[in-house]
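Asks: If you scroll down you'll find the structure; I have some questions about it.
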Amino acid sequence: MTREVVGRALLARIANRGEVAQVLGADAREPRVFILRGGARVVGCSCARRPPGGPRALHARWYGCSPPLRETRIAQDRGSILEDEFGTPHRVVGSIIDITRLIETEKRLNKTENRFKKVFESNMIGMLFSNFDGRILEANDAFLEMLGYDRNDPDAAQLNWKKITPEKYLEVSYAAAKQLQEKGFCPPFEKQYIRKDGSFVSVLMGSAVLAHDDEISSVSYIIDISKQKGEEAKRRELQKLIKRQQDEFHNIFS
């Protein structure tokens, strides 16, 4: 989309629609808030004032254009005031870039980020961000408490999942990290972490790759399943005890 505003008439042409929209209530000598009328709809538009003796370039302006098709378009306007040989403003020229998709994408991203932030801060489950060197970049309180740390603990800032993983679980952890790098995610798997007091906590975790600018990291969710694993171990012990008693009973009458 391109736009040229000329003289006092101030006519705006929206090229990709072939429309001519008249700007009402504006003056090239003193840019201010004005109304842009496009088709059958009226939309608001603001223009920054040019301070006395200030630069000729105008500030960026945002337009919401509503053609008769009822499709709202958002554009970023950048323009300059041209003066004659006497220093009198007589022409405003500039361009408009259609940024509708950019704004919509930003809104979706902000909405997604807000949802994710709420989950992270809710501490319903443990969550962490880490790089592929194993360093934990950020973790929520649920994960720190799971390992016996708190946010004020200086050791919490130096955590590395390679160092807090028992040796017997390193192989499965490295396999998950490899899959994460190759496919961008790894499905849930069971492992253990070493707590601050040296004890172990059984967890179920899954991860996905996050790419931000030039930095690649991952986000993981961690669920404490120690209680379930403990109950499972008790069931196995009970089953062994029952089988042993059954064998002894059969031996008595055999």
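The values are calculated or read from the model by the stated rules, or taken from the named source; none is laboratory data. Worth saying up front: this structure is predicted, and the values here are computed from it rather than measured. Here the Cβ is made from the backbone with ideal geometry for all residues, glycine too, and neighbour counts use every protein chain on show.
Asks: Take residue 172 and decide whether it is outside any helix (DSSP H, G or I), hydrophobic (A, V, I, L, M, F, W, C) and in the same structural domain as residue 137 (by TED's automatic domain parsing). Spell out the reasoning first.
Replies: Working: outside any helix (DSSP H, G or I): no; hydrophobic (A, V, I, L, M, F, W, C): yes; in the same structural domain as residue 137 (by TED's automatic domain parsing): yes.
So residue 172 fails the test.
Asks: Another question about this same structure. Test residue 184 against the stated conditions and say whether it is under 19 Å from residue 125 (Cβ atoms), at pLDDT 80 or above and not β-branched (Val, Ile, Thr).
Replies: On the way: under 19 Å from residue 125 (Cβ atoms): no; at pLDDT 80 or above: yes; not β-branched (Val, Ile, Thr): yes.
It is false that residue 184 is under 19 Å from residue 125 (Cβ atoms), at pLDDT 80 or above and not β-branched (Val, Ile, Thr).
Asks: Can you pull out the residues in region 143-163 that are part of a loop (DSSP other than H, G, I, E, B) and under 23 Å from residue 121 (Cβ atoms)? Let's see the steps before the verdict.
Replies: From region 143-163, those part of a loop (DSSP other than H, G, I, E, B) are 147-153, 159, 161-163; that's our starting set.
Within region 143-163, 147, 148, 149, 150, 151, 152, 153, 159, 161 meet the criteria.
Asks: For region 64-132, which fully contained strands (runs of 3 or more DSSP E) count at least 2 residues that are touching a helix residue (DSSP H, G or I) at 6+ places or on another chain (Cβ under 9 Å), closer than 30 Å to residue 219 by Cβ and modelled with pLDDT of 70 or more? Talk me through it step by step, then tell me what you get.
Replies: Details: elements: 73-83, 89-98, 126-130.
Strands (runs of 3 or more DSSP E) meeting the threshold: 126-130.
Asks: Being loosely packed, with under 13 Cβ neighbours inside 10 Å and of a type in the set (Asp, Glu) narrows it down to one of 145, 167, so name that one.
Replies: Details: 145 fails: loosely packed, with under 13 Cβ neighbours inside 10 Å.
Sole residue among the options that is loosely packed, with under 13 Cβ neighbours inside 10 Å and of a type in the set (Asp, Glu): 167.
Asks: So for region 147-161 (the condition being in contact (Cβ under 8 Å) with a residue 24 or more places away in the chain, within 19 Å of the chain's Cα centre (by Cα) and in the same structural domain as residue 223 (by TED's automatic domain parsing)), does at least one residue qualify?
Replies: Looking for residues that are in contact (Cβ under 8 Å) with a residue 24 or more places away in the chain, within 19 Å of the chain's Cα centre (by Cα) and in the same structural domain as residue 223 (by TED's automatic domain parsing), one finds none in region 147-161, hence no.
Asks: Return the pairs, sorted by first residue and then second, in which the second residue is not β-branched (Val, Ile, Thr), the first residue lies in region 229-244 and is part of a helix (DSSP H, G or I), the beta carbons are less than 6 Å apart, and the residues are 6+ apart or on different chains.
Replies: Between residues of region 229-244 that are part of a helix (DSSP H, G or I) and residues that are not β-branched (Val, Ile, Thr), the close pairs are 229/202.
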